[in-house]
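The values are calculated or read from the model by the stated rules, or taken from the named source; none is laboratory data. The shown structure was predicted, so the numbers you read here are calculated from the model rather than taken from an experiment. For neighbour counting, all protein chains shown are included, and Cβ atoms are generated from backbone atoms with ideal geometry for every residue, glycine included.
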């Protein structure tokens with residue numbers, strides 16, 4: 001069939017009830033769609049419903065109404081080209097829990113002040129580039145040793161390693177692109193197995209932060225450019241890429257990718273992204289590509 005609707009149980013739900021799946025299937029049929037039987041990718045957790053004769057946006061909408069109040073994430077998309085050849089992922093609050101810059105600011109006693117600026121930037125209320133320079137400027141003179149101490153606090157988002165390792169095991173290229181800093185992205189790259197990491201350079205002299213960042217800021221335009229550049233390098237269109245992020249600076253790459261996923265996203269991003277993960281972890285991105293549990297790595 002032409003399209004596929006994926007349902008994935010999130011945290012706080014014991015399992016994906018077959019009766020819920022049946023109700024969604026019936027609703028699609030009531031709208032005139034031809035719908036196949038449930039194909040389980042993970043027992044009681046994730047399943048596919050193949051369908052045709054209905055726009056994916058309409059399928060998303062009806063599934064969303066039926067599943068309102070249930071911790072289930074959904075994605076409707078074309079079946080052709082479903083498995084992607086490129087992953088482009090944000091780092092902070094996506095591959096790792098929380099914001100590395102906010103954690104770094106804690107060592108200067110400025111976490112609340114800087115986190116407030118971060119939140120406004122991530123929700124698109126202020127420009128990302130100016131907000132980054134302002135936040136970094138507040139950390140002038142902080143010992144560079146705090147970078148390693150910050151890294152010791154960082155936790156990976158559940159499913160992060162499996163997402164990258166599984167896609168790479170099936171021939172995909174994985175790129176980490178962040179408005180954060182290379183000190184952290186290099187570590188995430190190595191831990192998860194990304195092919196490349198792209199981020200900002202943080203100024204350090206004589207063992208202390210200078211309060212400066214590199215001339216080129218990795219923001220909204222740079223993230224979209226990264227998606228397009230690696231797609232071209234692989235000889236594919238962005239339709240064969242999956243992008244994931246949570247902030248306003250991720251929106252353009254999410255819109256451009258064949259599968260653009262807003263991950264526990266800020267309100268402005270959640271409102272504009274067609275595919276959202278509100279309840280589950282990064283494993284959703286694998287189920288959305290049709291991976292079964294026995295195909296996953298890590």
Filter segment 255-268 down to residues that are more than 23 Å from residue 237 (Cα to Cα) and either under 12 Å from the mean Cα position of the chain (by Cα) or buried (at least 22 other Cβ atoms within 10 Å of the Cβ) (or both), then give me how many there are. 3
Per the filter on segment 15-30, residues more than 19 Å from residue 292 (Cα to Cα) and either at pLDDT 95 or above or within 28 Å of the chain's Cα centre (by Cα) (or both) are 20, 22, 23, 24, 25, 26, 27, 28, 29, 30
Among the residues that make up segment 55-63, is at least one of them free of Cβ contacts under 8 Å to residues at least 24 places away in the same chain and assigned to a helix (DSSP H, G or I)? yes
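Table: residues versus (1) farther than 18 Å from residue 180 by Cβ; (2) touching a residue at least 60 places away in the same chain (Cβ under 8 Å); (3) in contact with a strand residue (DSSP E or B) (Cβ under 9 Å, 6 or more places away or on another chain); (4) buried (at least 24 other Cβ atoms within 10 Å of the Cβ).
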| residue | (1), (2), (3), (4) |
| --- | --- |
| 211 | no, yes, yes, no |
| 217 | no, yes, yes, no |
| 221 | no, no, no, no |
| 236 | yes, yes, yes, no |
| 253 | no, yes, yes, yes |
| 272 | yes, no, yes, no |
| 286 | yes, yes, yes, yes |
Taking segment 179-196 and the residues there that are in a strand (DSSP E or B) and touching a residue at least 60 places away in the same chain (Cβ under 8 Å), the one that is farthest from residue 154 (Cα to Cα) would be 179
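Of everything in segment 274-284 that's part of a loop (DSSP other than H, G, I, E, B) and buried (at least 16 other Cβ atoms within 10 Å of the Cβ), which residue is nearest to the chain's Cα centre (by Cα)?
Across segment 274-284, the extreme among qualifying residues is 282.
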Across segment 22-39, the tally of residues that are in contact with a strand residue (DSSP E or B) (Cβ under 6 Å, 6 or more places away or on another chain) and either in a helix (DSSP H, G or I) or crowded, with 16+ Cβ neighbours inside 10 Å (or both) stands at 6
Quick test of your reading of the structure: residue 98 fulfils all but one of (1) part of a strand (DSSP E or B); (2) under 30 Å from residue 119 (Cα atoms). Name the failing condition by number. (1)
